[in-house]
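Reviewing the structure listed below.
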Amino acid sequence: MVHPDRTGITEALASAARTMRHETALEETLQAVVESACASVPGFDAVGISTIARDRTVTTQAASGDIVQILDTLQYSLREGPCVDALYEVDLLEVPHVRHDQRWPRYVPAAVEVGLRAQMALKLYLDDQGTLGTMNFYSTEAEEIHPDAGAIADLFAAHAAVVLGHAREQQSLGEALATRQVIGQAVGIVMERYGLSDSRAFDFLVRTSSTSNIKLRVIATELVREGDEPTSDAAAVTT
């Protein structure tokens, strides 16, 4: 049995980690992780990273080849397969001899037809953010899974999870700053229209949100975008 080159794995991980220090696009960083994993994890010739959005939409963010897109899409559409199970159930799923596996009766025949022989899926997660996606390994050459494959793949999955976690934090920060800005603009509009102080203008927006059961951000955005009156009864503002 051929054992993986530990030095090569260390170098691949270091290379992937270095991409995290540069201001590169998320897709470029994940692609670097995928390419490094594909070259380092024994027995697999195709690797992909799938992400799950807050609305539960699953998307392939990085792929080492066309077959990744084909097999990923197949699992998304059928809502079954190792990738799906890793998203919602197990942390690591190794599937040697795919053609004989009966857990996914619709996915397996279609996957085998396009050349799949073995598969491995790992959940991508951070303790404070939950499940971020999966890292999927496909083999069109070998049916057996190398005994070290799971442990090595987990190292790359950890890198990918950190990258995705950072991106999600940045997105949340951006959304928070945008919300803060639009609420500030809305407060200014209410102050100017009704001669209120900033605190009373903000209280008015909060009260409008509470009584209408509409998020404050939505009310502020509409007020800024359309310039509509926040209420038809202007006298209610001063009471």
Order of 210-219, 144-153 by packing, highest average Cβ count within 10 Å first?
144-153, 210-219
Restricting to DSSP loop positions (anything but H, G, I, E, B) with no more than 16 other Cβ atoms inside 10 Å of their own Cβ, which trypsin sites (Lys or Arg not before Pro) remain in segment 63-127?
79, 103, 106
Rounded to whole Å and sorted largest first, what semi-axes of the equivalent ellipsoid does the C-alpha gyration tensor of segment 6-165 yield via the square root of 5 times each eigenvalue?
23, 18, 13
Rounded to 0.05, the calculated FRET efficiency for the beta carbons of residue 162 and residue 73 at R₀ = 25 Å is 0.45
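Read the figures in this text as sums done on the coordinates, not as results from a lab. Here the structure is a predicted model, which is why all the values come from computation and not from measurement. Cβ atoms come from the backbone with ideal geometry, glycine included; neighbour counts cover every protein chain shown.
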